[in-house]
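Written out below as structure tokens is the structure these notes cover.
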Amino acid sequence: MSNFESVSTVLKTYDQQHIIQFWDKLDDNEREQLLEDIQNVNIPEVVDMFKKTIKDINADKQKLDDKMKSIPSELYGSVSRSPTELLNSYKEIGLQNISKGKVGVLLMAGGQGTRLGVSYPKGMYDIGLPSHKSLYRIQGERIRRLINLAQQKYGSCKGLPWFIMTSEHTMEPTREYFAKYNHFGLNEKDIIFFEQYMLPAFTFDGKIIMESTHKISKSPDGNGGIYKALRDRNILNEIKKRDVMYLHAHSVDNILVKVADPTFIGYCISKSADCGAKVVKKAYPSEPLGVICEVDGKFQVVEYSEITESTSEKQNSDGSLTYSAGNICNHFFTTNFLNDVINKYSNKLKLHVAKKKILCVDSEGNDCKPEKPNGIKIEKFIFDVFEFSNRLAVWEVNRDEEFSALKNGDTPGGKDNPSTSRLDVFKLHRKFIEKAGGKFIRDNIECEISPLLSYEGEDLERFVKGKMYDTVLELKSDEEISLNNCNKN
Ligand code: UTP
């Protein structure tokens, strides 16, 4: 049987023959592309996924109020409620494990960044800091600083591998960008890129949508696609081979992210957790952040839409919100837990559906730009493995120190955009300087500290103590200063 015949048999079996409806009009090149595209999609599997998700869309969903419980207090730590000695002891555990090479970073950078609206990977975005460093660069330099701190304290660091999940659109530009900037001074061998998989979009009646006459419309399978990618791209084996026992997984778009945060890692290790989540206190009950809690005895992220208003507004005796553990896509996993998830549970992960306007072709093969949603995209979420955890530890951090998401383009008064991200960096870094004995003449002075100098405000006294700043302050490392001088000469 020819390639075309075998493909068309599969398509017929799964009622997807429309995919090859323009075959006679395609040239050889286009035919080849289409065949390759079809072969890259596991048609039986994705059609099955569609059936499951449609059942889910149509199900009469019960609210979760009666089944919910807060996370038990012994597994709900907090930066603001922990004494300094305890925080230092967590940090020490984390840093020691970093020095032994037991910690890795899992970066989720496969999203399409549609709301931000740039054509290149979000990690390459420059939010307009004085240094014009991108998100990738800032995160890479935070890793370098941590390696440095571990070396200073323990005499050596075996390495802090950085596993970066990209997708079809972000892989090549990301690789090129890292190479162009010499991997930000990190060891190239410790940066491992891998690509997540794509899923086709479907019409509401289950037909795979065609983006053109010879191309299936596909998008990345969500940040929960990381589990399949870790398994099928052989990354879990690489993690094991390197003897990494703990992973810090986070999104690419939080400018304040403490990459491989030793305090968080040390906290999770000392709680013997197999899985952990950093959270911030929800600012108000309807804030669009899922909350981490227990549902029927299992850990879960519950969205605002899944509970009634009165439950979301429920308060403790001190006036704080009962369900306030706002999930920020920042997690801890042991390698053993990832191994279990990947081998036992990855097919049980929930599928989430979003109705979207999806570019397509009409029955004549002409391009169409729909004005209302014409289909669905299916995604998996990283946090949907919480239910498989035996012991999930939650770590509440201060929002102004650790969380400022970049989701949208700049608009006046807008949220989670380049301007808010920038202002959040300035505010935090001014705080670091003031704590180290420096002063600002006004409280809106732009201030940026290179991650190569300080990870979280440490070691700044020698530069700033007793100084008064009245204009933009950019604190750079010696390496950056000499590089700047070289560039000027
Ligand atoms: P978001 O859900 O905010 O998506 O991703 P996004 O792609 O950044 O932006 P929009 O929704 O298109 O505007 C949260 C994190 O998960 C990653 C993103 O790169 C980001 O770090 N992600 C998302 C993936 O790695 N893969 C995906 O398929 C989706």
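What nm distance separates the two modelled labels at residue 26 and residue 369, each placed 7 Å from Cα along Cα→Cβ?
With each label point 7 Å from Cα toward Cβ, the separation is 2.6 nm.
What percentage of the solvent-accessible surface of segment 185-318, computed with a 1.4 Å probe over protein heavy atoms, is contributed by carbon and sulfur atoms? Intermediate values should be presented prior to the final figure.
On the way: 2240 of 5000 Å².
On segment 185-318, the fraction of accessible area on carbon and sulfur atoms equals 45 percent.
Based on the mean of other Cβ atoms within 10 Å per residue, sort peptides 250-262, 297-309, 427-439 so the most packed one is first. Kindly include the intermediate steps, with their values, before the conclusion.
Values: 250-262: 23.8, 297-309: 16.3, 427-439: 18.0.
The packing order, highest mean first, is 250-262, 427-439, 297-309.
Given just the C-alpha atoms of segment 63-112, how large is their convex hull per residue in cubic angstrom? It would help to have the intermediate numbers written out before the result.
Values: hull volume 9.3 nm³, N = 50.
Normalising the Cα hull of segment 63-112 by residue number yields 186 Å³.
Rounding to the nearest 20 debye, state how big the charge dipole of segment 155-254 is about its Cα centre with +1 on each Lys and Arg Cβ and -1 on each Asp and Glu Cβ.
Values: 13 positive and 13 negative charges, 64 e Å.
For this selection, approximately 300 debye.
Given the DSSP H assignment, sum -39500 (n - 2.57) over each helix run of at least 4 residues in the chain and divide by its residue total; what's the result at 222 nm in deg cm²/dmol, nearest 500? All intermediate terms of the calculation are to be shown ahead of the outcome.
Working: 15 runs with 156 residues, N = 489.
Per the formula, -9500 deg cm²/dmol.
Between residue 243 and residue 467, what FRET efficiency comes out of the Förster formula 1/(1 + (r/R0)^6) with R0 = 56 Å and r the beta carbon distance, rounded to 0.05?
Values: r = 44 Å, r/R0 = 0.79.
Efficiency computed from Cβ-Cβ geometry: 0.80.
Go through segment 115-130 residue by residue and turn each phi into a ³J(HN,Hα) via Karplus (6.51, -1.76, 1.60, θ = phi - 60°); whole Hz please, and just put x for glycine and proline.
5, 6, x, 10, 8, 10, x, 4, x, 8, 6, 9, 7, x, 6, x
With +1 assigned to the C-beta of every Lys and Arg and -1 to the C-beta of every Asp and Glu, and no other charges, what is the dipole magnitude of the chain about the Cα centre in debye, to the nearest 20? Intermediate values should be presented prior to the final figure.
On the way: 68 positive and 71 negative charges, 243 e Å.
Dipole of the chain, to the nearest 20 debye: 1160 debye.
Could you tell me which residue out of 417, 179, 454 lies farthest along the dipole of the chain toward its positive end? Charges go on the beta carbon: Lys and Arg +1, Asp and Glu -1, centred on the Cα centre.
454
Would you work out the Kirkwood radius for segment 404-452? I mean one over the mean of 1/r across all pairs of different Cα atoms, in Å. Spell out each step's value before the answer.
On the way: mean 1/r = 0.0848 Å⁻¹.
One over the average 1/r among Cα pairs gives 11.8 Å for segment 404-452.
State, in angstrom, two size descriptors of the chain derived from its alpha carbons: Rg to one decimal place and Dmax to the nearest whole number.
Rg and Dmax of the chain, Cα atoms, are 24.2, 81 Å.
Quick one: length gained pulling residue 156 to residue 45 fully straight, 0.36 nm per residue minus the C-alpha distance?
35.3 nm
Using just the C-alpha positions of segment 350-415 as equal point scatterers, what log10 of I(q)/I(0) does the Debye formula give at each q in 0.15, 0.24 1/Å?
Debye output, listed in q order: -0.88, -1.07.
Using modelled amide H (1.01 Å from N, peptide plane; none on Pro or chain starts), what sits under 5 Å from the amide H of residue 473, excluding residues fewer than 5 places away?
Amide H to amide H, under 5 Å and 5 or more residues apart or across chains, residue 473 pairs with 446, 447, 448.
Positive end of the dipole of the chain, charges at C-beta (+1 Lys, Arg; -1 Asp, Glu), about the Cα centre: which of 89, 143, 170 has its Cα farthest in that direction?
Checking the options against the dipole of the chain, the answer is 89.
Between residue 54 and residue 336, what is 0.36 nm times their sequence separation minus the Cα-Cα distance? Round to one decimal in nm.
98.2 nm is the gain from fully extending residue 54 to residue 336.
State which entries of 350/377; 258/407; 61/377; 51/369; 133/407 exceed 22 angstrom in Cα-Cα distance in the structure shown. List each step's numbers first, then the result.
Details: 350/377 14 Å; 258/407 18 Å; 61/377 20 Å; 51/369 25 Å; 133/407 18 Å.
Pairs exceeding the cut-off: 51/369.
Hey, can you grab everything whose amide H is under 5 Å from the amide H of residue 330? Only 5+ residues off in sequence or another chain; H modelled, so Pro and N-termini drop out.
Counting only residues 5 or more places away or on other chains, the set is 278.
Whole-Hz Karplus ³J(HN,Hα) for segment 356-367, in order, using 6.51 cos²θ - 1.76 cosθ + 1.60 and θ = phi - 60°, x for Gly and Pro?
Result, ordered by residue: 9, 8, 10, 4, 8, 10, 7, 5, 8, x, 7, 5 Hz.
Rounded, prolate or oblate, given the Cα gyration tensor of segment 33-176, with a/c below 1.5 counting as rounded? Intermediate values should be presented prior to the final figure.
Working: a/c = 2.14, a/b = 1.30, b/c = 1.65.
Judged from the Cα gyration tensor, segment 33-176 comes out oblate (a/c at least 1.5, b/c at or above a/b).
Assuming R0 = 60 Å, can you tell me the calculated FRET efficiency for the pair residue 445 and residue 9, based on Cβ-Cβ distance, to the nearest 0.05? Present the calculation step by step, with values, prior to reporting the outcome.
Working: r = 68 Å, r/R0 = 1.14.
The computed FRET efficiency comes out at 0.30.
Placing +1 at every Lys and Arg Cβ and -1 at every Asp and Glu Cβ, with all other atoms neutral, what dipole size does segment 43-202 have around its Cα centre, in debye to the nearest 20?
On the way: 23 positive and 17 negative charges, 89 e Å.
The dipole of segment 43-202 has a size of about 420 debye.
Of the heavy-atom accessible surface of segment 22-109 (probe 1.4 angstrom), what whole percent is carbon and sulfur? All intermediate terms of the calculation are to be shown ahead of the outcome.
On the way: 2290 of 5090 Å².
Whole-percent figure for carbon plus sulfur exposure: 45.
Could you give the length gained on full extension between residue 119 and residue 148, defined as 0.36 nm per residue of separation minus the Cα-Cα distance, in nm? Don't jump to the answer; show the numbers that get you there.
Details: separation 29, 0.36 × 29 = 10.44 nm, distance 3.44 nm.
Residue separation times 0.36 nm, minus the Cα-Cα distance, leaves 7.0 nm.
What list of ³J(HN,Hα) couplings, whole Hz, do you get for segment 370-381 from phi and the Karplus terms 6.51, -1.76, 1.60, once you set θ to phi - 60° and write x for glycine and proline?
x, 8, 10, x, 10, x, 10, 10, 10, 9, 10, 10
Hey, if you put +1 on the Cβ of every Lys and Arg and -1 on every Asp and Glu Cβ in the chain, which of 351, 272, 202 ends up farthest toward the positive end of that dipole?
272
Using a 1.4 Å probe on the protein heavy atoms, what percent of the accessible area of segment 332-401 belongs to carbon and sulfur?
Working: 1490 of 3580 Å².
Using a 1.4 Å probe with all protein chains present, segment 332-401 comes out at 42 percent carbon and sulfur.
Give me the Å³ per residue figure for the convex hull around the C-alpha atoms of segment 1-117. Display every interim value, and only then the final one.
Numbers: hull volume 34.6 nm³, N = 117.
Considering the Cα atoms of segment 1-117, their hull volume per residue is 296 Å³.
Under a 5 Å amide H to amide H cut-off, with H placed in plane at 1.01 Å, what residues pair with residue 211 once short-range neighbours are removed?
216, 217
Could you give the nm distance between label points at residue 348 and residue 17, where each point is 7 Å from its Cα heading toward the beta carbon?
4.0
Taking only protein heavy atoms into account and a 1.4 Å probe, give the accessible area per residue of the chain in Å².
On the way: 23440 Å² over 489 residues.
That works out to 48 Å² for each residue.
The values are calculated or read from the model by the stated rules, or taken from the named source; none is laboratory data. Keep in mind that what you see is a predicted model, and the values were worked out from it rather than measured. Don't worry about glycine lacking a Cβ; one is built from the backbone with ideal geometry, like all the others, and counts go over all protein chains shown. SASA here: full protein model, heavy atoms, side chains in, ligands and nucleic acids out. Shrake-Rupley method; radii C 1.70, N 1.55, O 1.52, S 1.80 Å.
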